[in-house]
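See structure below.
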Amino acid sequence: MRLTERQYAALRLAQDVLTQPAAPTRTRRRNAAAVRAEDTPTGRDAIHFMGLSKLKPEQRLQIGVLRWVDATFPEIAPLVMASAGGVRTSLSQAVKMKSMGYRKGTPDIFVAVPKGGRHGLFLELKAIGGKASPEQKIMLANLQAQGYAAAVVVGFEQVKATLTAYLSQT
């Protein structure tokens, strides 16, 4: 498969996001409004520019996975969605989210593509060493009972393998 320049850049940025070490306490900030499109940094500079160096490993994993999907499966990328779980919010915002239907244990990523007799794929992403909460395990079991493929995946390589295997089904 041949990647376009844009797909290759997205893939490189995904790899950089995943390999970037934890953020130092003080990072250099740039004024985004003053930067022209052609001056937008790439690679590791983009990670600091976009504020990604301050993210938790699981958040960086999710960003890297979605960028990898954009680069590898552009035809289904619009059908791959992420939940707002794991994002710190104010109390008032959390109340709004709950009243609007957000549920504890909602998986991180949903692939709205039916394959292999399943309605779609839900993935709960975990950084290396992470474990699913009881609420997440219950939610995944409920989703499987409703005809969805659902799994806890640990690390970028396992996400790639799981997603590729699911999408290769007929």
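The values are calculated or read from the model by the stated rules, or taken from the named source; none is laboratory data. The shown structure was predicted, so the numbers you read here are calculated from the model rather than taken from an experiment. Note that we place each Cβ from the backbone using ideal geometry, even for glycine, and neighbour counts take in every protein chain shown. SASA here: full protein model, heavy atoms, side chains in, ligands and nucleic acids out. Shrake-Rupley method; radii C 1.70, N 1.55, O 1.52, S 1.80 Å.
Taking K and R as +1 and D and E as -1, what net charge do the other residues with C-beta under 10 Å from the C-beta of Glu135 add up to? Here the count lands on +3. Rg/Rh for the stretch 95-170 stands at 0.99; both radii use Cα atoms, and Rh follows the Kirkwood definition.
Counting only protein heavy atoms, what percent of the accessible surface of the stretch 79-134 is carbon or sulfur at a 1.4 Å probe? The C+S portion of the solvent-accessible surface of the stretch 79-134 is 61 percent. Within straight-line reach of Lys160, meaning a Cα separation under 28 Å, sit the following lysines at least 8 residues removed in sequence or on another chain: Lys54, Lys56, Lys104, Lys115, Lys126, Lys131, Lys137.
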